[in-house]
Every structure is written in structure tokens, then in C-alpha cells.
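The next block holds one structure in the form of C-alpha cells; read it before the comments.
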Amino acid sequence: MLTFAIIIPIAFAVSIEEPPPIATITSALLALNAATPLCTFSIVGLGLMLGFRFLENFNYPYIAKNITDFWRRWHISLSLWFRDYVYFPLGGSRVNKPRLILNLFTVWFLTGVWHGANWTFILWGVLHGVAMVIYKAFRRGIDKMPRVVNWLITFAFVNVTWVLFRADSV
């Protein structure tokens, strides 16, 4: 299995003090590192050989056209769990706008906490909550933009937040 587990810590440590091109390359490696072990088919294949059928958990997230699309494609089982057991019981999107914003922030704050008791994870979750609120508030205008622009914005945002996700401290 392809892994960047050896390269990432070195590149991450170096890129903090290096110019933007090195930080950009490190961010791209981090994105690949995050996706490859999670998207592996070895567990699914082994499960099929043993008679188990696993749900698809990743559906090409890096082709997502917006942040909502990204989270429909990335870590699907976790996203569905938070949707079904946190977001829907809070009222989901069938509430007034202030409550919708609160619901989104609650879900994303808890998603950050779920990943670890560190401010980097909490900030990562809150930033994804902010992105979701911005997308929902300006969806009509954002969706009218060229698809490649939306993809680029989404991909850049996700990669920047991966750096925060991986960081040892804020």
C-alpha cells in the first residue's frame, strides 16, 4: 500500500519555515496520505472473501465541487453517523437560519472533538463548519460559478485544513 508516513513528518517539519512552494507540496502529500489508507480496497476485498459486504466509505472526494459535496464523498460512514445522530435530532436544516447555523457549528465542533482532544482538531472542525455555513448562505451564487473554480476552491480549502489537522499545535 502506498504510504507517505515516512515523508510527511519530515516535509511537514521543514515546510513550516520554508517558502510557499514547499508548503504547497507538503499539503498535496498530506492530502494523498489522508486518502490512500482510507480508500484502500484490501479490507473490502477481504470482507467479500469472508462473506461480508461493507458500505462504500469514500467516493472520489477530491473531485468534489463544493464542501457539502466533499463531505458526501469523504468518510461517508462518519458523516452519516453525525447526520443521523446529531444533525437531525437538532432539527437539521428544517429550522430557522440562526438555528441552522448553530446546528452546523455543533456538528462540526463535535466532529473536531471526535478526531481528538486537541485545539487543532477543534479548529479544523469549526473551519469546516464555517465553510458549510458560507456555502449554504451563498449556494445559488457559488453554484453558478464555473465547476473548475468551485473544485479548485474546495480542493484548496480541504488541503489547507489538512495541514491544520496534522499539526501538533495551533
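With a Förster radius of 35 Å applied to the beta-carbon distance between Arg99 and Ile63, the computed FRET efficiency rounds to 0.65. Cross-link partners for Lys97 among the lysines, with Cα-Cα distance under 17 Å and sequence neighbours closer than 8 places in the same chain left out: Lys136.
What FRET efficiency, computed as 1/(1 + (r/R0)^6) with R0 = 35 Å and r the Cβ-Cβ distance, is obtained for Arg53 and His115, rounded to the nearest 0.05? Efficiency, rounded to the nearest 0.05: 0.80.
The 1.4 Å probe gives accessible areas that order Asp168, Asp84, Asp69, largest first, as Asp168, Asp84, Asp69.
The values are calculated or read from the model by the stated rules, or taken from the named source; none is laboratory data. Just so we're clear, the structure is a prediction, and the values are computed from it rather than from any experiment. Glycine gets a Cβ as well: all are built from the backbone with ideal geometry, and neighbour counts include every protein chain shown. Protein only, heavy atoms only, side chains kept; ligands, DNA and RNA dropped before computing areas. Shrake-Rupley method; radii C 1.70, N 1.55, O 1.52, S 1.80 Å.
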